[in-house]
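Asks: I have a structure I would like to understand better, so I am pasting it below and will then ask my questions one at a time.
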Amino acid sequence: MKTLTYTKTNNLSQLHDELIAAIANFRRFSTRVGEFDVGLPDTGRVYGDGNTITIVCADDISDAAVQAVIDAHTPA
């Protein structure tokens with residue numbers, strides 16, 4: 001896993017959805033059966049506040065691909 005940090009006004013929930021839509025192997029872990037998580041592993045998380053974005057993602061996710069999504073991000 002690697003950590004990428006950016007400074008930009010943001011909507012983190014929207015940005016996370018944009019990253020998932022744009023980068024095939026950037027996904028969140030969302031499948032639960034009872035009390036157990038099953039399915040694909042989590043390969044991307046987004047943290048931050050109104051001006052800071054921290055992305056923790058798998059090493060094989062392209063920094064350039066993430067940067068393209070960050071550059072295109074316009075918070076709603």
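Asks: Name the single residue, out of those in segment 12-45 being β-branched (Val, Ile, Thr) and at pLDDT below 90, that is surrounded by the most Cβ atoms within 10 Å (Cβ to Cβ). Don't jump to the end; show me each part of the working.
Replies: Restricting attention to segment 12-45, the residues satisfying the condition of being β-branched (Val, Ile, Thr) are 20, 23, 31, 33, 38, 43.
Narrowing further to those that are at pLDDT below 90: 31, 33, 38, 43.
Values: THR31: 9, VAL33: 8, VAL38: 9, THR43: 19.
Looking at the filtered set, the residue picked out is THR43.
Asks: Pull out all pairs, ordered by first then second residue, where Cβ-Cβ is under 8 Å, the residues are six or more apart or on different chains, the first lies in segment 65-76 and is in contact (Cβ under 8 Å) with a residue 60 or more places away in the chain and closer than 14 Å to GLY50 by Cβ, and the second is surrounded by 12 or more Cβ atoms within 10 Å (Cβ to Cβ) and aliphatic (A, V, I, L, M).
Replies: HIS73/LEU15; PRO75/LEU15
Asks: Sticking with this structure for a sec: Of the numbered conditions (1) modelled with pLDDT of 80 or more; (2) in contact with a Phe, Trp or Tyr (Cβ under 7 Å, 6 or more places away or on another chain), ASP60 fails exactly one; give the number of that condition.
Replies: With (1) modelled with pLDDT of 80 or more; (2) in contact with a Phe, Trp or Tyr (Cβ under 7 Å, 6 or more places away or on another chain) applied to ASP60, the lone miss is (2).
The values are calculated or read from the model by the stated rules, or taken from the named source; none is laboratory data. In this text, all values refer to a predicted model and were calculated from it rather than measured experimentally. Because the Cβ atoms are built from the backbone with ideal geometry, glycine has one as well, and the counts that use them run over all protein chains shown.
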